[in-house]
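This report concerns only the one structure given below.
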Amino acid sequence: MRKVGATHRSKVISLLNERLAFERAALQIYGGVLEKLRSFGGPYQSVQARLRLIREEERAHEEWLEEQLRALGGGPDGESDGLLRVKAESRRVEGAMMVEHDPAALFRLLLGLEVSDVGGWELLLELADRAQDDEAREAFRQRLEEEQEHFRFVSHLAAVSTGSRILDETVITLEDASA
Ligand SMILES: [Fe+2]
Ligand SMILES: [Fe+2]
């Protein structure tokens, strides 16, 4: 992180702060969705187990970002446009999640969330590429791969649950997806 921190210091600090705000919101949103799925049994049990693992990875991302920001000496840099955008977007998703009870719709919300999650880490990776910072590139690439895995899982969930309203038909596919 040293090289990218030296060459693009304010840019990297503001992107890390945006990421941090987003990961914090993702933690809340995954928590809320898990709460709503609690009463669903059958295949949803294994779905919940997988979503809990994703939530733990989001928590690890949050903690890692806090560490990086501490090391760079960059606290929240006021309310940048990017940060405001991230906060507004997370509030919108969180609000939609609060009033939603249909699992298929909840999975689509998670899908939208993960699209942004992937995009956010891609941006950081690009910045590390430009600064030719191998260490930062590796750290961002590793987390980007985790986000791509989140995206694959929730997009499968969203597709399967939208395609079939009959739980029995979705059982095997959902369980496979969470294996
Ligand atoms: Fe994330
Ligand atoms: Fe994610």
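Numbers for the structure displayed
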quantity: Members of the range 83-98 that are surrounded by fewer than 16 Cβ atoms within 10 Å (Cβ to Cβ) and among the hydrophobic types (A, V, I, L, M, F, W, C); calculated: L84, A88, A96, M98
quantity: Hey, R91 over 13 Å from F22 (Cα atoms) and away from ligand 2 (no atom under 14 Å from the Cβ) or not; calculated: no
quantity: Subset tally (residues that are hydrophobic (A, V, I, L, M, F, W, C) and surrounded by fewer than 18 Cβ atoms within 10 Å (Cβ to Cβ)) for the range 38-82; calculated: 7
quantity: Options K36, K11; residue that is over 19 Å from F153 (Cα atoms), touching a residue at least 40 places away in the same chain (Cβ under 8 Å) and either part of a helix (DSSP H, G or I) or among the polar types (S, T, N, Q) (or both); calculated: K11
quantity: Cβ-Cβ under 8 Å pairs, at least 6 apart or on other chains, the range 143-161 side within 8 Å of ligand 2 (Cβ to nearest atom), far side aromatic (F, W, Y); calculated: E147/W121
quantity: Entirely in the range 91-179, the helices (runs of 4 or more DSSP H) that have 1 or more residues that are modelled with pLDDT of 95 or more; calculated: 103-130, 134-163
quantity: Qualifying residue in the range 21-37 (condition: among the charged types (D, E, K, R) and closer than 23 Å to L125 by Cβ); calculated: yes
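The values are calculated or read from the model by the stated rules, or taken from the named source; none is laboratory data. In this text, all values refer to a predicted model and were calculated from it rather than measured experimentally. Note: ideal-geometry Cβ built from the backbone for every residue, glycine included; neighbour counts use all protein chains shown.
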